[in-house]
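The values are calculated or read from the model by the stated rules, or taken from the named source; none is laboratory data. Quick caveat: nothing in here was measured; it's all calculated off a predicted structure. Don't worry about glycine lacking a Cβ; one is built from the backbone with ideal geometry, like all the others, and counts go over all protein chains shown.
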């Protein structure tokens with residue numbers, strides 16, 4: 001079966017750094033996505049990791065370790081607008097995406 | 001990057017009726033998918049929409065309940081048939097673009113369906 005785990009909820013303070021973890025056990029792996037989803041809106045693309053290591057994109061960075069079945073999304077200099085759900089998704093060899101349950105992040109002033 | 005539009009954006013339907021959701025991509029894409037997101041939950045893949053042939057359904061989803069068409073590379077429809085309140089969800093169309101490091105899976109804005 002396919003299993004992707006994320007924490008359900010996290011809270012952080014404006015200006016801080018937060019790390020959202022994702023662990024996965026899937027039948028095949030072609031890459032890992034992170035999406036941001038605000039309430040009532042569609043998911044928007046944040047990052048896509050295929051190889052091990054850290055990829056930085058502005059305030060957001062994403063890390064992947066394929067041997068450990070582990071990824072994290074790092075959000076720096078948090079802003080109120082970063083309050084959203086963050087979805088981890090594994091791309092299977094068939095190009096299907098299997099999503100984790102999502103992590104709801106609340107940023108407080 | 002591809003832009004995906006969906007119609008309708010939302011609808012309220014009566015139990016037992018059917019609704020067809022349209023998905024249009026602004027460029028030719030290889031693969032299109034339909035997902036469902038039930039309230040407070042993450043996305044679940046319903047099926048892969050295959051161009052010119054029958055869709056490939058995931059476990060728990062069947063063609064009689066969710067017939068899908070994809071007549072060309074940029075357009076697909078999903079019908080939710082004989083609806084019940086349990087079908088109340090957001091339905092999202094998705095398409096693949098790019099290759100290698102530019103690979104991305106895009107999502108439409110979603111169709112919010114409420115069944116009464």
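What residue, among those in region B:94-108 that are part of a strand (DSSP E or B), within 8 Å of chain A (Cβ to nearest Cβ) and modelled with pLDDT under 90, is surrounded by the most Cβ atoms within 10 Å (Cβ to Cβ)?
At the first step, the residues of region B:94-108 found to be part of a strand (DSSP E or B) are B:94-97, B:104-107.
Remaining after also requiring within 8 Å of chain A (Cβ to nearest Cβ): B:94, B:96, B:104-107.
Filter once more, keeping what is modelled with pLDDT under 90: B:96, B:104-106.
Numbers: B:96: 19, B:104: 15, B:105: 24, B:106: 20.
If we take residues in region B:94-108 being part of a strand (DSSP E or B), within 8 Å of chain A (Cβ to nearest Cβ) and modelled with pLDDT under 90, then B:105 is surrounded by the most Cβ atoms within 10 Å (Cβ to Cβ).
So residue B:57 passes all but one of these: (1) touching a strand residue (DSSP E or B) at 6+ places or on another chain (Cβ under 6 Å); (2) away from chain A (no Cβ under 12 Å); (3) modelled with pLDDT of 95 or more. Which condition number does it fail?
If we test residue B:57 against (1) touching a strand residue (DSSP E or B) at 6+ places or on another chain (Cβ under 6 Å); (2) away from chain A (no Cβ under 12 Å); (3) modelled with pLDDT of 95 or more, just (2) comes out false.
Among the candidates B:17, B:48, B:30, which residue alone is part of a strand (DSSP E or B) and at negative phi?
B:48
In the list A:56, A:41, which residue meets the criterion of being facing another protein chain (nearest Cβ under 9 Å) and closer than 20 Å to residue A:79 by Cα?
A:41
Kindly provide the set of residues from region B:29-54 that are under 23 Å from residue A:39 (Cβ atoms) and either within 12 Å of the chain's Cα centre (by Cα) or facing chain A (nearest Cβ under 10 Å) (or both), ordered by number. It would help to see each step written out before you state the result.
Restricting attention to region B:29-54, the residues satisfying the condition of being under 23 Å from residue A:39 (Cβ atoms) are B:33-46.
Those that are under 23 Å from residue A:39 (Cβ atoms) and either within 12 Å of the chain's Cα centre (by Cα) or facing chain A (nearest Cβ under 10 Å) (or both): B:33, B:34, B:35, B:36, B:37, B:40, B:41, B:42, B:43, B:44, B:45, B:46.
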